[in-house]
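The values are calculated or read from the model by the stated rules, or taken from the named source; none is laboratory data. A quick note: this is a predicted structure, and the numbers were derived from the prediction, not measured. In this analysis, Cβ positions are derived from the backbone assuming ideal geometry, glycine residues included, and neighbour counts consider all displayed protein chains. What goes into the accessible areas is simple: the full protein's heavy atoms, side chains included, and nothing from ligands, DNA or RNA. Shrake-Rupley method; radii C 1.70, N 1.55, O 1.52, S 1.80 Å.
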Amino acid sequence: MRQDIRARLSVIVLSFNGMQHLPECLASIQRQISDLDEFIVVDNGSRDGSAEYVGTHFPDARLIRLPENQGFCRGMNVGIQNASGDLILLLNQDLRLHDACLRNLVHTWHHPP
């Protein structure tokens, strides 16, 4: 890849009954994601209203709803299969990104140490 072209980033969050974590987690991603990037939430069969929350409060995120919990690996693989980025970042629902995380990730990919 040419160094003057910015890599497209796909951020994938796997969620299962994560309502207590999703607001903070997804907001930390939403603040950083650029128009060139892709934001995917894979809901792993949640029953706590978290999928509906994502659809209502994070319309820029592409929501993939699995009918039942498929486990971590299968859920992430579904996200990866639907991603189109040059870089893929896999995240659990219970974390919050530092404000410079995505920018630093893409910068480091373009300019390795």
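General observations
- The requirement of being part of a helix (DSSP H, G or I), under 23 Å from residue 23 (Cβ atoms) and of a type in the set (S, T, N, Q) is satisfied by residue 56.
- Any hit, segment 23-33, residues being more than 14 Å from the chain's Cα centre (by Cα), outside any loop (DSSP other than H, G, I, E, B), at pLDDT 95 or above and β-branched (Val, Ile, Thr): no
- Verdict on residue 83 being buried (at least 18 other Cβ atoms within 10 Å of the Cβ) and farther than 17 Å from residue 105 by Cβ: no
- Among the residues of segment 1-17, those identified as open to solvent by less than 10 Å² (accessible area, probe 1.4 Å) and either within 14 Å of the chain's Cα centre (by Cα) or at pLDDT 95 or above (or both) are 9, 10, 11, 12, 13, 15.
- If you go through segment 26-38 and keep only what is open to solvent by less than 10 Å² (accessible area, probe 1.4 Å), touching a residue at least 60 places away in the same chain (Cβ under 8 Å) and of a type in the set (A, V, I, L, M), you end up with just 29.
- Any chance residue 41 is open to solvent by less than 20 Å² (accessible area, probe 1.4 Å), β-branched (Val, Ile, Thr) and within 11 Å of the chain's Cα centre (by Cα): yes
- Selected residue (only one of 102, 89, 66, 97 is under 19 Å from residue 17 (Cβ atoms) and open to solvent by less than 80 Å² (accessible area, probe 1.4 Å)): 66
- Tally, over segment 44-62, of residues that are among the acidic types (Asp, Glu) and open to solvent by 90 Å² or more (accessible area, probe 1.4 Å): 2
- Hits in segment 1-22 - residues which are assigned to a loop (DSSP other than H, G, I, E, B), farther than 16 Å from residue 87 by Cβ and not aromatic (Phe, Trp, Tyr): 4, 17, 18, 19, 20, 21
- Selection status of residue 78, under 17 Å from residue 10 (Cα atoms) and assigned to a strand (DSSP E or B): no
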